[in-house]
Amino acid sequence: MDNKFSKEIIGALQESDPKAFETVFSSEYRNIKNFIARLINSDGEAEELAQDVFMIFWERRRYIKDDMNISGYLHTISRNLSFKLLRKRHRENALISDLSYRYLDSLAPSNEDVYYERELNILFLMSIEELPIRRREIFQKSFMEGLSDEEVAAAFGVSEKTVQNQVNLALNEIKQKMIFFTIVLYSVSGSFTV
């Protein structure tokens, strides 16, 4: 690449002339920002990195040589900062992935949890089967099939209040058996403390 900046501008940069810096900034900023955006695939971060590039350039202005290709130098700084950001992203993504995996793994039910859930489901279904016939039928229509109290009452030729009472009685009986079984199950396994 040919250097598009004169030796006077380079000399002025070496002497910390803000107008020389402004000349380089005005000429190169958009090009540098677009270059970074292509590398990191983010316009917002490219804007910040481009500003960092010019800060580094200003901090190193005294080391600029008379024959240095300023545009090439700015692209080198841009590339290095972009790769540094991409490495940081990669580390963060790896960390997030690892933490997500650990978190999701901790949410996965253990074999013991699956066993207890299966046992509780069986107990729930057995408790329903042990209900008096009419109460069981009303409970199944209302609770299991999701029919309204009015629909269940019409199906059985009873009042809505009777349906509500039968469902409540069924729930209380089932709840009592579930509580008892849970206490027994967890106390036997050693997982339950009172």
Within the accessible area of the range 1-102 (1.4 Å probe), percent carbon and sulfur: 51 percent
Å² per residue, accessible surface of the chain at 1.4 Å: 68 Å²
Computed [θ] at 222 nm, deg cm²/dmol, the chain (DSSP H ≥ 4; -39,500 (n - 2.57); rounded to nearest 500): -26500 deg cm²/dmol
Segments 88-96, 164-172, 118-126 sorted - mean Cβ within 10 Å per residue, highest first: 164-172, 118-126, 88-96
Cα long-axis angle, helix 18-40 against the chain (0 to 90 degrees, to the nearest 10): 40 degrees
Accessible surface, 1.4 Å probe, highest first, among residues 178, 55: 55, 178
Per residue Cα convex hull volume in Å³ - calculated over the range 13-108: 99 Å³
Projected label distance in nm at residue 19 and residue 111, using a 7 Å step from Cα toward the beta-carbon: 8.2 nm
Heavy atoms of residue 182: accessible area, 1.4 Å probe, square angstrom to 10: 40 Å²
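Once you've got the Cα coordinates, tell me which of 4/84; 141/161; 4/65; 7/84; 65/88 are over 23 Å apart.
4/84; 7/84; 65/88
The values are calculated or read from the model by the stated rules, or taken from the named source; none is laboratory data. Quick caveat: nothing in here was measured; it's all calculated off a predicted structure. Using ideal geometry, Cβ is built from the backbone for each residue, glycine included, and neighbour counts are taken over all protein chains shown. Ligands, DNA and RNA are excluded from the accessible area calculation, which covers all protein heavy atoms including side chains. Shrake-Rupley method; radii C 1.70, N 1.55, O 1.52, S 1.80 Å.
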